[in-house]
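Below are the structure tokens for one structure; questions will follow.
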Amino acid sequence: MKKLSKFIGNKEFYKMVLVIAVPIMIQNGITNFVSLLDNIMIGQVGTEQMSGVAIVNQLIFVYNLCIFGGVSGAGIFTAQYFGQGNHEGVRQTMRFKLWMVAVITALTSTLFLCFGPTLIGAYLKGDGSAESITATLFHGEEYLKIMLIGLPAFAVVQIYSSTLRECGKTMLPMKAGIAAVFVNLLFNYILIYGKFGAPALGVKGAAVATALSRYVEMLITVIGVHRKNAQYSFVSGLYRTLKVPKELAVKIIKKGSPLLFNETLWAAGMAMLTQCYSVRGLNVVAGLNVSNTINNVFNIVFIALGDSVAIIIGQLLGAGKMKEARDTDNKLIAFSVVCCSAVALVMFCMAPLFPQLYKINDEARLLARYFIMATAVFMPQNAFLHATYFTLRSGGKTIVTFLFDSVFIWCVSVLIAFILSRYTALPVIAVYVLVQSGDLIKCVIGFILVKKGVWLQNIVS
């Protein structure tokens, strides 16, 4: 019983966790729920339109995680600086984030403008008529060109929102996210179907609505932060200079580069996994799209709790409270796994219902059902891995997380998917399950690293 008690916190502990995690859950939950409605709306237009949008969103997902990786390296320092009460340190990390996202956004926009059709075409190698493949490519290109307009706004939001979260200020990003998703939903309805006298733009309407919502979120976040200088005093004087001290920049690059490469390679690995599954036909692309959209709604729990690990543990490490950090981390990981086990049960039971919301053929609908059920089974495993990843990252163990995350996905997960999808006759669902099962190896490695306490270090003292 004593051993079990180290994984269970008191009332005050769970209150502290939920104060941080719930706003993140609400923001991500509403965002993903509106993405679900967005996806259903496009799914009502046609399978080719939905598949084209799904492929482009998979590519933009790589960009999103590049940005996430770019700000996360500086974010490790932000959390620990804030734990120290060093506001100038927080400002300097924000300036570093600004330069980082500007470079990533410029490179990504150039890549998509020059090679967009080629990248989309890589997902159209499976079974399907020539007409369906051509239509999917056309709609994907339409969607991508407009979505590029929203990338700068997304990048700015990530600079501010990540900093606010690292400082434990999660309410403003939540409010901005809620406003943005309602703007997205409203203009999706108007522009996809041509309501209130607007033209019916279909896929292009969905892209316009998304880009517009990005700028709404950016304005609310930036104006909200700078209008309330007393509440967010760590941004006071942020733009007096854009210079970042060389010593700090070098430290962030050393700690942050593995994170940037990790997020980029991990996202590219996920895109490659989808490409491996897609060689089994366009119905698999449609089924995976439905499944991933539903999964994102349910994944908000372990994502928010993982963010909480990074925030809480990072601040404790920055304050030099090593024993408290270890004890708190044990409780956070256990809480995440227990919560996600309950969520997974609900998701598994509701799996047959979600695909019925889409106007897709019966094969794609059945595949979507099985993909959702398989993902639900592995959700507790993913919750443990997510919390473990953020534990290691909070202590600056970025090279370890690089090996733990992106190297693993390319050397194990992608390799399994590539071989099984191309050189065996196994059903695609069986391939998917075997790929997910490979993560059990990572669970063992993560457990050992966390237990050894290799992450217990203050990197800003």
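The values are calculated or read from the model by the stated rules, or taken from the named source; none is laboratory data. Just so you know, these numbers come straight off a predicted model, no measurement behind them. Don't worry about glycine lacking a Cβ; one is built from the backbone with ideal geometry, like all the others, and counts go over all protein chains shown. Side chains included, ligands, DNA and RNA excluded: accessible areas come from the protein's heavy atoms. Shrake-Rupley method; radii C 1.70, N 1.55, O 1.52, S 1.80 Å.
Quick one: of K11/K169; K145/K442; K321/K452; K97/K451; K15/K255, which pairs are farther than 26 Å apart, Cα to Cα?
Table pairs above 26 Å Cα-Cα are K145/K442; K97/K451; K15/K255.
Any idea what the dipole of the chain comes to, in debye rounded to 20, about its Cα centre with Lys/Arg Cβ at +1 and Asp/Glu Cβ at -1?
Computed about the Cα centre, the dipole is about 1580 debye.
Separate question: Could you give me the ³J(HN,Hα) list for the stretch 190-196, computed from phi with Karplus coefficients 6.51, -1.76, 1.60 and θ = phi - 60°, whole Hz, x at Gly and Pro?
Residue by residue, the stretch 190-196 yields 5, 8, 5, 9, x, 8, 6 Hz.
State to the nearest 20 debye the size of the charge dipole of the stretch 218-296 about its Cα centre, where the only charges are +1 on K and R beta carbons and -1 on D and E beta carbons.
Here the size comes out at about 420 debye.
Report the per residue volume, in Å³, of the convex hull enclosing the C-alpha atoms of the chain.
Spread over its residues, the Cα hull of the chain gives 142 Å³ apiece.
Could you please state how large a percent of the accessible area of the stretch 344-437 is carbon and sulfur, counting protein chains only and using a 1.4 Å probe?
Solvent-exposed carbon and sulfur of the stretch 344-437 make up 73 percent of the total.
Leaving out same-chain residues fewer than 8 places away, which lysines sit with a Cα under 22 Å from that of K195?
K204, K359
What is the distance in Å between the Cα centroid of the stretch 299-325 and that of the stretch 366-413?
17 Å
Within the P(r) computed for the stretch 220-352, what percentage of the Cα pairs occupies the region above 18 Å?
76 percent
Which of the three applies to the stretch 1-152, rounded, prolate or oblate, going by the alpha-carbon gyration tensor with a ≥ b ≥ c and a/c under 1.5 meaning rounded?
The shape class here is oblate.
So how strong a dipole does the stretch 270-396 carry about its Cα centre when Lys and Arg Cβ are +1 and Asp and Glu Cβ are -1, to the nearest 20 debye?
The dipole magnitude comes to about 40 debye.
Along each of its three principal axes, how wide is the spread of alpha-carbon positions in the stretch 26-79, in whole angstrom units, largest first?
46, 25, 6
Same structure again: Ratio of alpha-carbon Rg to the 2.2 N^0.38 Å globular estimate for the stretch 308-461, to two decimals, please.
Compactness ratio reported: 1.24.
Continuing with the same structure: How would you rank 268-275, 380-387, highest first, on the average number of other Cβ atoms within 10 Å across their residues?
Output ranking for 268-275, 380-387: 380-387, 268-275.
What is the distance in Å between the Cα centres of the stretch 172-238 and the stretch 123-170?
So the two Cα centres are separated by 15 Å.
Now for a separate question. Tilt of helix 151-166 relative to the longest C-alpha principal axis of the chain, in degrees (0 to 90, nearest 10)?
40 degrees
Then there is this: Any idea which of I399, G73, G320 is furthest toward the positive side of the dipole for the chain, if Lys and Arg beta-carbons carry +1 and Asp and Glu beta-carbons -1?
G320
Write down Rg/Rh for the stretch 62-150, rounded to two decimals, with Rg from the C-alpha atoms and Rh from the Kirkwood relation over Cα pairs.
Reported Rg/Rh (Cα atoms, Kirkwood Rh): 1.22.
Let me have the 222 nm mean residue ellipticity of the chain computed from DSSP H runs of 4+ only, each contributing -39500 (n - 2.57), with the sum over all residues rounded to the nearest 500.
The helix contribution divided over the chain gives -27000 deg cm²/dmol.
Still on this structure: Enumerate the calculated ³J(HN,Hα) couplings along the stretch 110-124 in order (Karplus 6.51 cos²θ - 1.76 cosθ + 1.60, θ = phi - 60°), each rounded to whole Hz, writing x wherever the residue is Gly or Pro.
In residue order, the calculated couplings are 4, 4, 5, 5, 7, 10, x, x, 5, 5, 5, x, 5, 8, 10 Hz.
Compute the FRET efficiency between K254 and L186 as 1/(1 + (r/R0)^6), taking r as their Cβ-Cβ distance and R0 = 41 Å, and round to the nearest 0.05.
Approximately 0.35, to the nearest 0.05.
Using R₀ = 25 Å, calculate the FRET efficiency as 1/(1 + (r/R₀)^6) where r is the Cβ-Cβ separation of T241 and M322; round to 0.05.
0.10
Residue by residue, what Karplus-based ³J(HN,Hα) values in Hz, rounded to whole numbers, does the stretch 283-291 have, using 6.51, -1.76 and 1.60 with θ = phi - 60° and x for Gly and Pro?
These are the phi-based 3J(HN,Hα) values: 5, 5, 4, 5, x, 5, 4, 4, 4 Hz.
Going by average Cβ density within 10 Å per residue, which order do the peptides 443-450, 432-439, 211-218 take, highest to lowest?
Going by the mean number of other Cβ atoms within 10 Å, highest first, we get 211-218, 432-439, 443-450.
Can you tell me the orientation of helix 300-318 relative to the chain, as the angle in degrees between its alpha-carbon axis and the longest Cα principal axis, to the nearest 10?
So the inclination is approximately 20 degrees.
Leaving ligands and nucleic acids out of the surface, order C340, C114 by accessible area at 1.4 Å, largest first.
C114, C340
Using +1 at the Cβ of each Lys and Arg and -1 at the Cβ of each Asp and Glu in the chain, identify which of T241, I159, A376 lies farthest towards the dipole's positive end.
Selected residue: T241.
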